[in-house]
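J.: Here's a structure for you.
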Amino acid sequence: MYSMFSEYKDIVTIEELQEMLRIGRSKAYQLLRSGSIKAFHNGRVWMIPKKSVIEYVMERCR
């Protein structure tokens, strides 16, 4: 799809999301809870598809 964020695996952690977008923890959780970035829970752990992060970035660039 895109070479954007190629150094990250297909599913990223909350910490990796923060690195990718250069945002703080509160903002990362806000994006996930609002559905701005599509993700799901595995127990208490957020599972964030890298594709969802790329879609969020591309949408913001329009």
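J.: Using the Cα centre as the reference, give the magnitude of the dipole from point charges on the C-beta atoms of the chain (Lys, Arg: +1; Asp, Glu: -1; all else neutral), rounded to the nearest 20 debye. Display every interim value, and only then the final one.
T.: Working: 11 positive and 7 negative charges, 50 e Å.
It comes to approximately 240 debye.
J.: Let me ask something else about it. Picking from S34, M20, V53, whose Cα lies most toward the positive end of the charge dipole for the chain (charges on Cβ: Lys, Arg +1; Asp, Glu -1)?
T.: Value computed over the given set: S34.
J.: Candidates (i) 25, 63, 12; (ii) 16, 24, 20, 20, 10, 8, 1; (iii) 22, 62, 16, 0; which is the computed P(r) over Cα pairs in 10 Å bins from 0, in percent?
T.: Among (i) 25, 63, 12; (ii) 16, 24, 20, 20, 10, 8, 1; (iii) 22, 62, 16, 0, the one derived from this structure is (iii).
J.: Sticking with this one: For the chain: lysine pairs with Cα atoms under 14 Å, gap of 8 or more or different chains, count? It would help to have the intermediate numbers written out before the result.
T.: Values: K9/K50; K9/K51; K38/K50; K38/K51.
The number of close lysine pairs in the chain is 4.
J.: Taking the Cα-to-Cβ direction at K38 and at K9 and moving 7 Å from each Cα, how far apart do the two end points lie in nm?
T.: Label-label distance for K38 and K9, simple model: 2.1 nm.
Laboratory data are not the source of any read-out in this text; all were calculated from the coordinates shown. Quick caveat: nothing in here was measured; it's all calculated off a predicted structure. Here the Cβ is made from the backbone with ideal geometry for all residues, glycine too, and neighbour counts use every protein chain on show.
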